[in-house]
1. Would a scan of the stretch 76-98 turn up a residue that is free of Cβ contacts under 8 Å to residues at least 12 places away in the same chain and open to solvent by less than 80 Å² (accessible area, probe 1.4 Å)?
2. Restricting the search to the stretch 56-75, which residues are under 18 Å from Ala115 (Cβ atoms), assigned to a strand (DSSP E or B) and open to solvent by 60 Å² or more (accessible area, probe 1.4 Å)?
3. Looking only at the stretch 113-159, count every residue that is at pLDDT below 80 and in contact with a Gly (Cβ under 7 Å, 6 or more places away or on another chain) and tell me the total.
4. Among the residues of the stretch 121-149, which ones are part of a loop (DSSP other than H, G, I, E, B) and surrounded by 10 or more Cβ atoms within 10 Å (Cβ to Cβ)?
5. Out of the residues in the stretch 99-120 meeting the condition of being touching a strand residue (DSSP E or B) at 6+ places or on another chain (Cβ under 8 Å) and open to solvent by less than 40 Å² (accessible area, probe 1.4 Å), tell me which one is farthest from Val64 (Cα to Cα).
6. Could you tell me how many of the residues in the stretch 130-143 are of a type in the set (S, T, N, Q) and within 19 Å of Val65 (Cα to Cα)?
7. Somewhere in the stretch 45-55, is a residue at pLDDT 90 or above, surrounded by 13 or more Cβ atoms within 10 Å (Cβ to Cβ), closer than 16 Å to Asp87 by Cβ and in contact with a strand residue (DSSP E or B) (Cβ under 7 Å, 6 or more places away or on another chain)?
8. At pLDDT 90 or above and touching a Gly at 6+ places or on another chain (Cβ under 7 Å) - does that describe any residue in the stretch 64-76?
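The values are calculated or read from the model by the stated rules, or taken from the named source; none is laboratory data. Here the structure is a predicted model, which is why all the values come from computation and not from measurement. For neighbour counting, all protein chains shown are included, and Cβ atoms are generated from backbone atoms with ideal geometry for every residue, glycine included. Accessible surface is based on the protein model in full, side chains and every heavy atom, while ligands, DNA and RNA are left aside. Shrake-Rupley method; radii C 1.70, N 1.55, O 1.52, S 1.80 Å.
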Amino acid sequence: MQHSKNDLWVGLFVLLGAAALVFLALQSANLLQLNFRSGYTITARFDNIGGLKPKAAVRSAGVVVGRVESIGFDDKTFQASVELELDKRYLFPKDSSLKILTSGLLGDQYIGIEAGADEHNLANGDTVTATQSAVVLENLIGQFLYGKAEGGAAGAGGKK
């Protein structure tokens, strides 16, 4: 059996294509992060983080400025402790606030930073307490249904 150079090139091209597909799949699922820049780490405390996951984006004005490094639970304050790694190019004032937001109606959750007006900037190891927890869809539905049930009971009681 005779092999040609074309067989070798076709095989190489198929392997390269498969590697590119694996790379894109890992990158889109936030399982692979190629970041060669160093940054600084801050901690934020939230009452409820909803479905926030490690490696989620940290955005300001729609621009990704960092990633969620880790998520833990503080059993003294009963709050979620979220470690964020921010790119060193982006400096935020110490009085900045953080919110957990959702991209789209049922999309992934990320942390949004709203810059404050303090003269001093956040530094490595700082803790941010001006936070707004995630809006949990199940809680909103429960409040809506509970409000409707109360309104229905009050309306029925008024007609008798």
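1. Checked the stretch 76-98: no residue is free of Cβ contacts under 8 Å to residues at least 12 places away in the same chain and open to solvent by less than 80 Å² (accessible area, probe 1.4 Å).
2. Arg59, Val63, Val64
3. Going through the stretch 113-159 one residue at a time, the tally reaches 1.
4. Listed by number, the residues that qualify are Leu122, Ala123, Asn124, Asp126, Thr129, Ala130, Ser133, Ala134, Val135, Val136.
5. Among residues in the stretch 99-120 that are touching a strand residue (DSSP E or B) at 6+ places or on another chain (Cβ under 8 Å) and open to solvent by less than 40 Å² (accessible area, probe 1.4 Å), the one farthest from Val64 (Cα to Cα) is Gly116.
6. Selection size over the stretch 130-143: 2.
7. no
8. yes
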